Every structure is written in C-alpha cells, then in structure tokens.
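The values are calculated or read from the model by the stated rules, or taken from the named source; none is laboratory data. What you see is a predicted model, and the numbers here were worked out from it, not measured in a lab. Because the Cβ atoms are built from the backbone with ideal geometry, glycine has one as well, and the counts that use them run over all protein chains shown.
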Amino acid sequence: MRTIKEARQMLDEKKISSVELTEEYLKKIKANNEKLGAYITVCEEDAIAQAKKADEKIAKGEASSLTGIPMAIKDNICTMGIKTTCGSKMLESYIPPYNATVMEKLNAEGIVTLGKTSMDEFAMGGSSQTCYYNKPKNPFNPTCVPGGSSGGSAVAVSGDMALCSLGSDTGGSIRQPAAFCGITGMKPTYGSVSRFGLVAFGSSLDQIGPFANSAQDCGTILNVISGRDKNDHTSRDIKLDFNALVGEDIKGKKIGIPKEFFGEGIDEEVKASVMAVADFYKSKGAELVEVSMPTLKYAVSAYYLLACAEASSNLSRYDGVKYGYRTDSPLSYDELVKKSRSEGFGDEVKRRILLGTYALSSGYYDAYYKKAMAVRQQFRREQAEIFEKCDVMLTPTAPTVAYGLNQNIDDPVKMYLADICTVTANIVGIPSISVPCGYDKNGMPIGFSISAKQFDDAKAIQFADIYEREFERKYANI
Amino acid sequence: MKFDTVIGLEIHAELSTNAKVFCSCSAEFGGAPNTHICPVCTAQPGALPIINQSAVEFAIRAGLAFGCEINRYSRFDRKNYFYPDNPKAYQISQLDLPLCINGKIELSTGNVVRINRIHLEEDAGKLVHDDYHNQSWADFNRCSVPLIEIVTEPDIKSAEEAAEVVSKIGLYLKYLGVCDAKMQEGSIRADVNISLKPAGSDKLGDRAELKNMNSMRSIIRAIEYEVERQAEILEDGGVVKQETRRFDDAMGTTSPMRTKENANDYRYFPEPDVLAITFTEEDIENAKARIPLLPHERVAKYVNEYKLTDEDARVITLEKYLSDFYDETVAIYPEYKNVANLFLTEIMRRVKDTEAEEIPFSAQDFAKVVEMADKNTVNRNDAKTIIRIMFEEGGDPMEIAKANGFIVTVDTSAISDFIDNLLKERADLVEDYHNGKQNVFGFFMGQATRALTGKATPMAIKQYLEDALKK
C-alpha cells in the first residue's frame, strides 16, 4: 500500500487500524532511517497516541480524508512541543511554543506525525547535504543525493518510511527531490497555503507543499492545508478544490513547451524522457505549443539575489539572545551575536547571508536587488503571455538525475545553476507539480513538471494524474 | 557673525490601539516583563506579522488632522539592525511609500512648519540593566506597539518653536484619540535635527541629530546648547560634524554617540510578509468623518457660538480632557460664560500642576455648582469654596453647601428692616448721594452685605437699596 487513497479505504473498511499502520512505518523507520537519513526526530510515542485517537475517530465514523494517515513533516515546519531544527546546529534544541497553521489543520484532521525530516540547513541547498544532522540518501541508490532542500521528506516517502509528507519549496525544494526520488511533489500557488510557522528562508518565494505517491494524494493533502489564514497576511482568500478536475479529459487543451528548458545543460536522457511525456499528452488529444521565456537565462541570478536578500534579513533573528545556539561566555553583546552566528550556522547558510547582505547594502541595492525585482516583473509578463495561450506548461524538473553524494559540493555556482528548471515558478508564484516519467540507464528516476497559472493548481493535478494513470511507477528497493 | 537656526523634527508617537500593530498582543503600557508577548512579537522562527487595521486608521487620522495627503498605495519595508531589544533584528517600517505625505502645522509665531511624511512602524522592546550582577534583561512587552513617525521639514527657527511643534502635535494626537502623548512614559518622543547657516543664506549647514528627547524642557535646553556649540565652531572657522549626539540632562550638554551608531546601513527592502495597503476615496472620506473637533475648531466654536474670549477659549482647549469636561458641563447647563468663568479660575488652577489628567468629580456636579451660584442659591465666593471641597474631599455640591451653611435664603423683611434703618441713621450720607456722591452707594452695599450674610443675596440687596435711595 503506497497511496493515501488505498490506506483510506483500508482504514475505513477496518482492514487495518491506524495504530497498525503507524507501527509498521515506525518499524521501517527503525530499520532504514540510519542508512537513508530521512528523519532527524522520530515521534514514536506521540505517533502511537495520535493513531489511537484516529482509530477512535474512525470507529465513530467521524473520519475525514487524512484521519489516521502517517505523515512525515519537514523540520522547518513548527510543531509545538517537538524539536524543530531546520537542519541546523543553530536550532539544535529549539522546541516551538506554537504549531504552524498547516499542523493545526492536519492535527484537527487527525493525522499521525511520524517525525521531522532532514533537510538542507535552513532549506538552503539542492542536495540535503548541508544538513547538520544525519544527511539523507537517495533510496534508489544511497550513494546518490536525494535532492533538496526537502530531501528527508522525499526520502521518507520514496523509502516507504511514510505514506506522505510535507516539504517546503523556495526554488524547487519539493519538486527537485521528488524527481530525484521518483515520487510526486507539488508546490502550490504562492498564497494558497499559510506560511505561518514555516521557518522563513525567502518569504516571497516559500510555499509549503506535499510529497506523495500520486498527484491525487497531493491534492488530498492540499485540500486540507490550504485556505486563508488570519495569521499570514500573504495567504489568499481563495478556496481551491485541488482535485476538482481529476478524471476530466484533456482533449483540445494546450500544453506550452518552453524551448529554453530543453536546451544546453539539460541531460539528453532527461530531455528524451520529458519529450515522451509531451507525446503522451498529444496522444490524449492535447495540443503542444512551442512557447518562449527569453528571460530564463537571468532566472537563477535573480532568484539567488531575491532569496538571499530576504534570507539575510530572515535569519538575523538567530542572535543567541532569545533561543537557539548561544556561544560560551561572550564578553559583549556584539561578541555574543558574532560568535553565536559564526558557530551556529554552516558554510552554505553563511554564504547566502553574505550574498544577501551585500545585495541589499547601500550602494549595491540598485545594481542587484532592484534589478532582480525588475527581472521578476519581466518573468510575470512572460508567464502571463504563455498562460494566455496555454493551459499548462511542461518542463523537466531538473537538468539531470540525482548525482553522487560528493559531487557539486565544492562548486556552489554549479549547484545554483541546477535550479534553472524550478526557480521561475517561485519567482512568479505559480503552481508546479513534479511527476516521475522514467528511469535513466542506471535506474535513477527522472521527473517532469506541469505548471499552471496562479490558482490553476487543479489543472496541474489533472494533467499529472492523467499521466500517472498510465505510467508504470517503480519503487525503490530498500 | 549672525546665524539662522534651522531645525527639523522626527516625532515618534505610540498609538493607543488595544492591540500591537503586527500581532494581537495587548499594546498597553507597562505590565510585568514579558507578559504581553507571543510567537510573533518575540520573533519565534516561522512567525509572521499581521496588520492591525486600527493602527492604520489611527495613523491616517493623524495625517488628515495635519492636512496630509493619504497615499492611495502604501507599503512596508524592513529596516535591518541588530540590537537585543529588537528580536527580529529588523523593524517593520515604511521607507518609500508612507501612509501620509505633505502636511503642515501652523505656529503661534505665524511660521508654518511643513510635514514631510507620517509613517507607521513598530516600537522596540526595553532593556533592563542590572549593573550589580553585570547582566541585562530584555522585556519584549513594548515590541511591536504601533508608532507613527512624523517628520517635519527643516522649517523650525528656534527652540521655542520646536517645543511648540512637539506640544501641538501631542495635543492634536490626544484630541484625535490616537495617542496619550505622555512624554514621561515615552509615548511621544522626538529626534531633533539642528544646523546653523549664515543669517539670510539659503544654503543649509551640516546638522547634528539629537536622539530620543523625552521632555519639553530637555528639547529646549538641548537646542539652546547646540546652537551655542555650533555657533562657536562656525565662528572659529570650523566645520560642524554631521553626527548623532546624545543630550545629557544633568550636564545640560550634548556629546557624540559612538561612531558605530552613526554608521548604520539599514539595508531597507520591501517587507515581503505584509501586503501593500490601498485606500479608496471612500475609505478616506470615512476616516475624515471619524475625526473629532480639533483644538482650533473648538476655539472657533467657543468664540463664535459660546461668545467666550479668544484667550479663554484657547486656555480651555489646551488639554483635551479639560475641553471635554467643559463641553460636557455646558451640554448639561448651557450658560457658556458662567461655566467658563468658574472653570477657568477654580478648575484650571487646581489641575495645572498635576499629571493625573482627570477631574475628581463629574461635569454634572460642576454644572450644579455653577447653577447654584447663578441662581444665588449660594453666593459666588461660597461656590468657589464648594469646588475646593469637591477637589479635596469629594462630595455632592448641595450637601456641601448645606453642611457649611452656604445656602442663601432671601429674607425680604430682614433686607427692608436693615436698609430702612441704615438710611435713616445715615441721612447725611443719603443727602450726599443725592448731591452726586455716587460712591456712597458702595458703602451702603458693603454694610448691608456684611450684616445680611446668609439672609440675602447681593442682587436682592442692590435692588432694594436702589429703590430705597430713589425715594
């Protein structure tokens, strides 16, 4: 059983209890977590207690879509009373005094939280290897990265250590690990899911989203966690039914194929696999339309300027004063802040704070931050043009499949460039879902992405679901 | 050499909303340390600001009262700096698109001071230093209490004018009900930018900024000191250093703050967590409709409708609670001038030196005293005594009058007996009176008033005496 849909049926038909299901996952976590590094914290006792409550709810006939479903939560989503480390030494012992809005919603539904998953430190990275704790590995090949930053959440689902999970996506942090680990992952429209309680990286880009083994499961989770939240001023008052279009045919629908996403730097096997997806949609009656995003060449630069600028401000609160890591016996306030931050943050986080601070400094603001904002505006125009002509857009999720654990770590620019396929969705705030579409010669998964215009999330799920129905998904051998 | 003084002010006023500006914690002053806090105002990881609409409306109200334009599209920005009382390490403020721009304040000197902008931002917490244990404690109760910053153009020409601007802004904010303007509690404080230029010159000199002035007296003293200091430098051919200075209240001098505090790069950028604020014409009309009568409008009303003198009207409106009390009293007993007279003499002098900002009895009771005096139920001197007792001991005015034997009963036979007798005895003076010696009347009045205390009112005595002398 790998989907919420199947589990729901078995739970409702009393073929399995939530406690049994939870125990099974806890067993698998015990067996494989050390090897695969999916979790930083496992909530064994709490999970069983939640499962018991869920079973009572099910027995009373009060179950809803996620009642009793075992789930993993990325460790940058605040869970009251449960350590939330963000994969950083800085928050090694931080226990939030409140729940993120998504946790409130999931708890009200009666989910089972199996634990908190490993991730790149403060979600900064594309391989999860900047994690201060047990670094996650790819279940298809543990010598390869699982992608990032939500690597642990992807590994939990791909490695069968959770039925589904939550991640966060600032520049591809859900979609790219989903592609690398051969599962489905979705970044919904910016503003559709509350960010309250998601530890901020790039506030204007961050969105929480699900990992699962099907697009429909992603829609089921999003239906629970989305909606206007009074605690998040940027959350929008638009009620979406993410699975509303599931099953409707796509005859006559137009799929934009932006040529810039199939050019240089994209692996040939990936290209061929995604083009085969295009052919599949064509065979289902959709029309392929070549479109263009000429500004794509500036995407990574603009993204890193915006994300790092916001991050440099967002991460200033970690000063050793209120919570988190504090250096030993500082002699002054200045020393307290400097040493706590120098000792508490890892290299990648420091690199991005420095980059962002520089981009916002007086004298450089116009040259960097302001220009990046101008690029953002240009992207919005280009995307609007595309979605005037097309229902959805088809692209590879990542230029390559998962690479070796020690590859790329010494070349940050190369790492950043690998985000080329995913960052535009964050820059303009549109929904995008990554779905597995094949395996390379070494058996590593390849993913494609379907993006749609803002609040057309249901369309992206509709297209993903149609493909999944006929694609033979492989599961990792653990 | 002669110099012109050039002063600009940045005035911070805490808004008296119930809740903080970016979370729903209480914004009340004081409280045990760290009791008005939540994940948002203590900058827990993942917490996000929300926006308190009342704070926005209060700021708009202030803008409208000072004749500002309201920006139809307004935005928040982050001002980044590390300080232990600033848990997020940034303050949410407004840089390019403040709520209000281009207002003005008219001064009694006739000078008009332009307001550059009014923007909304959040206050920081408070640090408590324990020197004995060499420790500092942070109290975040004040974190995110709403502030408006009112920035004037450098149109102010003297220490007195600067003080008038501050007190006028404080007064208007109180009338608007948006700030209690208590300098001693820090709910209104001012930064003073000051420079000198050769008399008549158009070119502005280099300025010093005096930070966080929190009393009217220190504003005046600090400016006076700075004027002298800068004049000395300029006269010696020196250059005034552009810097931030601190005023030492005890010494009466200013000194430069650490250079580090001068070299801040705040790295402002648009706040991504708070959406832009937009206003329609209707929003602004609605806000205008909620603005109460302002001091100058009350003065006009008192002069034009109540026929008070300009001076009296101004004095009554110097404090909102006093003006409110006067309004309440005349609403009950609309003898505008008589109420004003007792109010100006008996109430004003007793409240002038207290900070309590309240009158210990109701407008109802005060109206009763004025009416008693007007109707000669008590004489005017006794009415004043009643007010004194109401201030000092409290009590119902009629009860006080009775207990002290102030109630005047008009005994007509006593009046006629006494005056008839007096005029008979002093027939000589009566004759003088008829021969044109008018001051004799005063003598008779005095004699009768003294003798008839408690039995007659001066009015009744005067009436009888006039008639009697005509005979």
Long-range neighbours under 6 Å by Cβ, at least six apart or interchain, first residue touching a residue at least 40 places away in the same chain (Cβ under 8 Å) within segment A:1-17, second in a helix (DSSP H, G or I) and among the hydroxyl-bearing types (Ser, Thr, Tyr): A:ILE4/A:THR220
Number of the exception - B:VAL178 against (1) over 17 Å from B:CYS100 (Cβ atoms); (2) in contact with a Ser or Thr (Cβ under 8 Å, 6 or more places away or on another chain): (1)
Of the candidates A:SER194, A:SER226, the one satisfying the condition of being surrounded by 24 or more Cβ atoms within 10 Å (Cβ to Cβ), within 14 Å of chain B (Cβ to nearest Cβ) and more than 17 Å from A:LYS116 (Cβ to Cβ) is A:SER194
Taking the condition assigned to a helix (DSSP H, G or I), modelled with pLDDT of 90 or more and surrounded by fewer than 17 Cβ atoms within 10 Å (Cβ to Cβ), does B:ASP428 pass? yes
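Out of all the residues in segment A:64-90, which are surrounded by fewer than 20 Cβ atoms within 10 Å (Cβ to Cβ) and among the hydrophobic types (A, V, I, L, M, F, W, C)? Walk me through how you get there before you give the answer.
Filtering segment A:64-90 down to residues surrounded by fewer than 20 Cβ atoms within 10 Å (Cβ to Cβ) leaves A:64-65, A:80-83, A:89.
Once the filter is applied, which keeps residues that are surrounded by fewer than 20 Cβ atoms within 10 Å (Cβ to Cβ) and among the hydrophobic types (A, V, I, L, M, F, W, C), segment A:64-90 yields A:MET80, A:ILE82.
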All but one of (1) within 17 Å of the chain's Cα centre (by Cα); (2) surrounded by fewer than 13 Cβ atoms within 10 Å (Cβ to Cβ) hold for B:ALA331; which doesn't? (1)
Restricted to segment A:290-305 and to residues being surrounded by 16 or more Cβ atoms within 10 Å (Cβ to Cβ) and over 23 Å from A:PHE201 (Cα atoms), the residue nearest to the other protein chains (Cβ to nearest Cβ) is A:THR295
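Scan segment B:22-64 residue by residue and report those that are of a type in the set (Ser, Thr, Tyr) and within 28 Å of the chain's Cα centre (by Cα). I'd like the intermediate steps shown before the answer.
First, pick out the residues of segment B:22-64 that are of a type in the set (Ser, Thr, Tyr): B:24, B:26, B:35, B:42, B:54.
Correct list: B:SER26, B:SER54.
Only residues that are in contact (Cβ under 8 Å) with a residue 40 or more places away in the chain and assigned to a helix (DSSP H, G or I): list them for segment A:262-273, please. Walk me through how you get there before you give the answer.
As a first pass, look at segment A:262-273 and keep what is in contact (Cβ under 8 Å) with a residue 40 or more places away in the chain: A:262, A:265-267, A:269-271, A:273.
A:PHE262, A:GLU269, A:VAL270, A:LYS271, A:SER273 - these are the residues of segment A:262-273 that are in contact (Cβ under 8 Å) with a residue 40 or more places away in the chain and assigned to a helix (DSSP H, G or I).
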Report, by residue number, each residue of segment B:28-57 that is of a type in the set (A, V, I, L, M, F, W, C) and on the phi > 0 side of the Ramachandran plot. B:ALA43
Looking only at segment B:34-71, count how many residues are away from every other protein chain (no Cβ under 14 Å), within 21 Å of B:PRO270 (Cα to Cα) and among the polar types (S, T, N, Q). 1
Taking the options A:PRO210, A:PRO177, A:PRO139, name whichever one is within 21 Å of A:VAL435 (Cα to Cα), touching a residue at least 60 places away in the same chain (Cβ under 8 Å) and more than 14 Å from chain B (Cβ to nearest Cβ). A:PRO139
Could you tell me which of the residues A:VAL274, A:VAL337 is closer than 28 Å to A:GLY125 by Cβ, at the interface with chain B (Cβ under 9 Å from one of its Cβ atoms) and buried (at least 21 other Cβ atoms within 10 Å of the Cβ)? A:VAL337
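Each row is one residue, and each column tells you yes or no for (1) more than 14 Å from chain B (Cβ to nearest Cβ); (2) touching a residue at least 40 places away in the same chain (Cβ under 8 Å); (3) in a loop (DSSP other than H, G, I, E, B); (4) not β-branched (Val, Ile, Thr).
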| site | (1), (2), (3), (4) |
| --- | --- |
| A:HIS233 | no, no, yes, yes |
| A:ASP241 | yes, yes, yes, yes |
| A:GLU248 | yes, yes, yes, yes |
| A:LYS251 | yes, no, yes, yes |
| A:GLU260 | yes, no, no, yes |
| A:ALA307 | no, yes, no, yes |
| A:ALA311 | no, yes, no, yes |
| A:TYR325 | no, yes, yes, yes |
Would you check which residues across segment B:241-264 are out of contact with any helix residue (DSSP H, G or I) (no Cβ under 6 Å at 6 or more places or on another chain), crowded, with 18+ Cβ neighbours inside 10 Å and hydrophobic (A, V, I, L, M, F, W, C) and list them? none
B:TYR302 meets each of (1) under 30 Å from B:ILE60 (Cβ atoms); (2) exposed (fewer than 14 other Cβ atoms within 10 Å of the Cβ) with one exception, condition (2)
State yes or no: is A:GLY81 within 18 Å of B:ALA47 (Cα to Cα), small (Gly, Ala, Ser) and out of contact with any Ser or Thr (no Cβ under 7 Å at 6 or more places or on another chain)? yes
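Being more than 19 Å from B:ARG290 (Cα to Cα) and facing another protein chain (nearest Cβ under 10 Å) is true for just one of B:ASP85, B:ASP96. Which residue is that?
On the way: B:ASP96 fails: facing another protein chain (nearest Cβ under 10 Å).
Going through B:ASP85, B:ASP96 in turn, just one is more than 19 Å from B:ARG290 (Cα to Cα) and facing another protein chain (nearest Cβ under 10 Å): B:ASP85.
What number of residues within segment A:369-403 satisfy the criterion of being within 11 Å of another protein chain (Cβ to nearest Cβ) and either touching a Gly at 6+ places or on another chain (Cβ under 9 Å) or touching a residue at least 12 places away in the same chain (Cβ under 8 Å) (or both)?
Going through segment A:369-403, the residues within 11 Å of another protein chain (Cβ to nearest Cβ) turn out to be A:369-370, A:372-373.
Subset that is either touching a Gly at 6+ places or on another chain (Cβ under 9 Å) or touching a residue at least 12 places away in the same chain (Cβ under 8 Å) (or both): A:369, A:372-373.
The total comes to 3.
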In segment B:316-372, anything in contact with a helix residue (DSSP H, G or I) (Cβ under 7 Å, 6 or more places away or on another chain) and either among the polar types (S, T, N, Q) or in contact (Cβ under 8 Å) with a residue 60 or more places away in the chain (or both) is listed as B:THR317, B:LYS320, B:SER323, B:THR329, B:ASN338, B:GLN364
I'd like to verify a number: residues in segment A:409-461 that are on the phi < 0 side of the Ramachandran plot and outside any helix (DSSP H, G or I), how many? 32
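Out of the residues in segment B:241-286 meeting the condition of being among the hydrophobic types (A, V, I, L, M, F, W, C) and within 14 Å of chain A (Cβ to nearest Cβ), tell me which one is nearest to the chain's Cα centre (by Cα).
The selected residue is B:ILE277.
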Hey, A:GLY148 assigned to a loop (DSSP other than H, G, I, E, B) and within 20 Å of A:VAL270 (Cα to Cα) or not: yes
Going through (1) in contact with a helix residue (DSSP H, G or I) (Cβ under 9 Å, 6 or more places away or on another chain); (2) more than 14 Å from chain A (Cβ to nearest Cβ); (3) crowded, with 16+ Cβ neighbours inside 10 Å one by one, B:GLY238 fails only at (3)
Residues of segment A:67-89 satisfying the condition of being part of a loop (DSSP other than H, G, I, E, B) and within 13 Å of chain B (Cβ to nearest Cβ): A:ASP75, A:ASN76, A:CYS78, A:MET80, A:LYS83, A:THR84, A:THR85, A:CYS86, A:GLY87, A:SER88
Of all the residues that make up segment B:111-149, how many are at pLDDT below 95 and outside any strand (DSSP E or B)? 4
Say whether the condition of being closer than 30 Å to A:SER204 by Cβ and away from chain A (no Cβ under 14 Å) is met by at least one residue in segment B:288-300. no
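If a residue counts only when it is of a type outside the set (Ser, Thr, Tyr) and either outside the structural domain of B:ARG267 (by TED's automatic domain parsing) or in contact with a Leu (Cβ under 7 Å, 6 or more places away or on another chain) (or both), which strands (runs of 3 or more DSSP E) contained entirely in segment B:1-98 have at least 3 such residues?
Details: elements: B:3-14, B:77-80, B:90-93.
Of the strands (runs of 3 or more DSSP E) lying wholly inside segment B:1-98, those with at least 3 residues that are of a type outside the set (Ser, Thr, Tyr) and either outside the structural domain of B:ARG267 (by TED's automatic domain parsing) or in contact with a Leu (Cβ under 7 Å, 6 or more places away or on another chain) (or both) span B:3-14.
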